[in-house]
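Structure first, commentary second.
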Amino acid sequence: MSGESPAKKANIMVKIGTHNGTFHCDEVLACFMLKQLPQYRDAEILRTRESSLLDECDIVVDVGGVYNPENHRYDHHQRNFKECMNSLNPHKKWITKLSSAGLVYFHFGHEILSHLLGLSVQDPTTELIYDKVYENFLEEVDAIDNGIDATNEEPRYKVTTTISNRVARMNPRWNEENVDEDKCFHKAMDMVGAEFLDRVNFYKATWLPARDIVLRALNARTETHSTGEIISLSEGGSPWKDHLFTLEEELGISPPIKYVLYPDSNSQWRVQCVPLRLGSFDNRLPLSEEWRGLRDEELSQKCGIPNCIFVHSSGFIGGNKTYEGALAMAAASLQKVESR
């Protein structure tokens with residue numbers, strides 16, 4: 001089997017091979033991603049475990065017991081397979097064992113994103129979105145398929161709505177008869193593909209523009225408050241947390257930001273605490289404990305700041321009718337800690 005591009009095989013139906021039987025999110029996503037490329041767009045997906053039929057395929061994912069990118073074989077089930085993003089590219093930090101989806105993304109992801117985003121493979125934005133899509137979409141699929149728990153601790157509750165869970169439920173049920181398994185597979189591919197495309201589009205159209213907003217706010221942080229620990233965003237609703245953590249590290253910002261101010265949809269102002277880390281419900285510095293759960297005039301009297309609207313019972317966010325009021329709430333909470 002040569003590594004010749006299938007695009008050069010004129011008048012021959014290009015075939016993507018994967019296993020039949022119960023399907024999983026990784027090979028469903030792998031097949032979808034491949035079909036975003038011109039050379040595989042019209043490919044037939046052949047679901048089989050027959051080695052003689054797989055040998056006839058131009059590319060094989062999640063079956064066959066071989067990982068050989070030169071021959072376009074991308075299985076991860078063999079005993080000696082231990083590859084992760086970091087092992088294949090030391091410049092990448094992720095150490096989660098790759099599934100067939102991760103392998104296809106590693107080898108074809110830049111080309112796929114270049115095609116979807118209308119950017120060159122070498123464009124820095126392509127690389128930036130490549131990393132974000134892996135970290136916030138592909139890595140989860142890799143981990144679940146390889147049986148890697150998200151935490152070493154006993155989970156407090158079950159998560160049953162992951163994309164991998166939803167793909168699993170699209171398989172024919174054990175007590176159903178005469179179900180077209182390939183039809184179920186393609187239905188799952190449509191669902192997974194829609195989410196993949198939505199994620200890619202989100203990072204280009206929504207996430208990336210917010211980086212400049214956060215950067216401007218960080219550069220103006222001492223103008224917002226003398227401590228430099230409060231920033232003000234010009235656009236409400238922009239996804240700021242991810243950018244804030246990244247830019248703080250890149251710029252060497254110290255002390256770290258404690259509060260973020262931004263306008264809400266009613267042109268009022270929110271003051272939100274910066275979490276300890278992405279996804280955490282704990283914060284670097286919650287709003288004052290004695291304000292929590294209070295609203296309106298009762299809150300304004302308690303904190304001595306007019307136009308207060310609320311402070312959440314956990315202290316992670318509060319609101320004020322004006323920018324000046326929101327800034328005063330953040331500054332007062334900061335001062336309470338610094339004066340202890």
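The values are calculated or read from the model by the stated rules, or taken from the named source; none is laboratory data. Not measured: the values here are computed from a predicted model. Glycine gets a Cβ as well: all are built from the backbone with ideal geometry, and neighbour counts include every protein chain shown. Quick note on the areas: whole protein, heavy atoms, side chains included, nothing else; ligands and nucleic acids left out. Shrake-Rupley method; radii C 1.70, N 1.55, O 1.52, S 1.80 Å.
Descriptive notes on the structure:
- Among the residues examined, THR206 qualifies as touching a residue at least 12 places away in the same chain (Cβ under 8 Å) and not hydrophobic (A, V, I, L, M, F, W, C).
- Residue in the stretch 34-57 that is in contact with a helix residue (DSSP H, G or I) (Cβ under 8 Å, 6 or more places away or on another chain), under 22 Å from ALA205 (Cβ atoms) and outside any helix (DSSP H, G or I) present: yes
- Listed conditions (1) touching a Leu at 6+ places or on another chain (Cβ under 8 Å); (2) of a type in the set (Ser, Thr, Tyr); (3) closer than 26 Å to TYR105 by Cβ are all met by TYR134, apart from (1).
- Where helices (runs of 4 or more DSSP H) sit wholly within the stretch 71-145, none has at least 1 residues that are under 20 Å from LEU208 (Cβ atoms) and in contact with a strand residue (DSSP E or B) (Cβ under 8 Å, 6 or more places away or on another chain).
- Residue selected from the stretch 97-131 under the condition open to solvent by 20 Å² or more (accessible area, probe 1.4 Å) and in contact (Cβ under 8 Å) with a residue 24 or more places away in the chain, by the criterion farthest from ARG41 (Cα to Cα): LYS97
- If the condition is being of a type in the set (Val, Ile, Thr) and part of a loop (DSSP other than H, G, I, E, B), then the stretch 153-173 contributes VAL159, THR160, THR161, THR162.
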